[in-house]
Amino acid sequence: MKDQAVLVFGGNRGIGAAIVDGFVHDGARVMYASRSPRASTVPFIEADLTDPAVGAQVVDQAASAMGALDTVVFGSATFDPRGGLGAVSLEQVTESLTVNLLSAYSALTAAINHLTDSDRGGRFIAISSITGPRTGLSGMAPYAMAKAGLEGLVRTAAIELASVGITVNAVEPGLIRTESLEANYGPERLALMDAMIPGGAMGTPQDIAAAVQFLASSGARHINGAVLVVDGALTLTENPYAP
C-alpha cells in the first residue's frame, strides 16, 4: 500500500474518514473529497456532488495533484430525502440519485484513463449498503434505489474494464456505529441495534476501512465485480427469537 495514490470521495467523517486514515496509516498518498474538510493534514478537495460533473472534475484534479491515481474509493452518500412513497418530490429523488449514483458513474468514467496507467493495477471501490441490494427500509426508497444501481454499475464496469487491468468492487456495510448514528439515537436504541447482530455488537468504521484496504491490496488482484458484505451476519438472521 506504500506510496499508492488514493482518492476517497466522502472522506471527511464516519466510514469515509476511517478509510482515509487506514490508507494513510499504511503509507499511501491520499486525497479526499467532500463538501467540507475535517481537522486533518490530508489534502482536501471541495466537492458538491449535486452536480454529477463534479465527480469527474475531482478525479482529474486529484490525479494531477498526485501525479498518478492507483485507487479510487467512492463513498460519498446522502440518506435524504426520507419519506414514504409519494411523500418526496421527483426533484428530491433526482438529487439523491445524483449524489449517490450518477456521481459515482462520473467519477468512474473519468478515472479509467488514470487507473489504466497505474503500474499496480487500478482499483475502483464503491461503498454500497445492505439497504437496497439486500434489504429495504421504509421511507428510504431513493437511497435504496441508488445503492442497488451502484452495484449494477460495479458488475458491468468490472466486465468492461478487466481487459485494461482495472478491478471494480463494492463493500456493503450493515449497521455501523458511526458518530452520526450515536448522535441520532439514544443508548437504548443503540443497544437494540447491537442486539440485532449475531455477535452482539454493530461494526465500526474501521471494519469497513479494513475491507476497502483489502480490495485495494495486491492480495485482491483476482477479485473483480464482487460485493463484500460487512454486516456481522445481520442479513443472515431470519428470526433472532427462534428456535
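The values are calculated or read from the model by the stated rules, or taken from the named source; none is laboratory data. All figures in this text were calculated on a predicted structure; none of them were measured in a lab. So basically every Cβ, Gly included, is an ideal-geometry build from the backbone, and we count neighbours across all protein chains shown. When the accessible area is computed, the model is the full protein with side chains, heavy atoms only, and any ligands, DNA or RNA have been set aside. Shrake-Rupley method; radii C 1.70, N 1.55, O 1.52, S 1.80 Å.
Could you check, for region 12-19, whether at least one of its residues is free of Cβ contacts under 8 Å to residues at least 12 places away in the same chain, under 20 Å from Thr131 (Cα atoms) and assigned to a helix (DSSP H, G or I)?
no
Need the failing condition index for Leu137 against (1) closer than 30 Å to Asp3 by Cα; (2) touching a Ser or Thr at 6+ places or on another chain (Cβ under 7 Å); (3) open to solvent by 60 Å² or more (accessible area, probe 1.4 Å); (4) hydrophobic (A, V, I, L, M, F, W, C), just the number.
Among (1) closer than 30 Å to Asp3 by Cα; (2) touching a Ser or Thr at 6+ places or on another chain (Cβ under 7 Å); (3) open to solvent by 60 Å² or more (accessible area, probe 1.4 Å); (4) hydrophobic (A, V, I, L, M, F, W, C), Leu137 violates only (1).
Could you check region 21-124 for strands (runs of 3 or more DSSP E) lying wholly inside it with 1 or more residues that are within 23 Å of Gly165 (Cα to Cα) and in contact with a strand residue (DSSP E or B) (Cβ under 9 Å, 6 or more places away or on another chain)?
Once the strands (runs of 3 or more DSSP E) in region 21-124 are filtered for at least 1 residues that are within 23 Å of Gly165 (Cα to Cα) and in contact with a strand residue (DSSP E or B) (Cβ under 9 Å, 6 or more places away or on another chain), what remains is 29-34, 71-74.
Would you point out the residue of region 201-228, among those that are in contact (Cβ under 8 Å) with a residue 40 or more places away in the chain and assigned to a loop (DSSP other than H, G, I, E, B), that is nearest to Asp21 (Cα to Cα)?
Thr204
Looking only at region 229-243, count how many residues are part of a loop (DSSP other than H, G, I, E, B) and open to solvent by less than 60 Å² (accessible area, probe 1.4 Å).
So the answer is 5.
Of the residues in region 1-49, how many are open to solvent by 50 Å² or more (accessible area, probe 1.4 Å), among the β-branched types (Val, Ile, Thr) and at pLDDT 95 or above?
1
Does Thr78 meet the test of being of a type in the set (Val, Ile, Thr), under 15 Å from Gly10 (Cα atoms) and surrounded by 19 or more Cβ atoms within 10 Å (Cβ to Cβ)?
Numbers: of a type in the set (Val, Ile, Thr): yes; under 15 Å from Gly10 (Cα atoms): yes; surrounded by 19 or more Cβ atoms within 10 Å (Cβ to Cβ): no.
So Thr78 does not fit the description; no.
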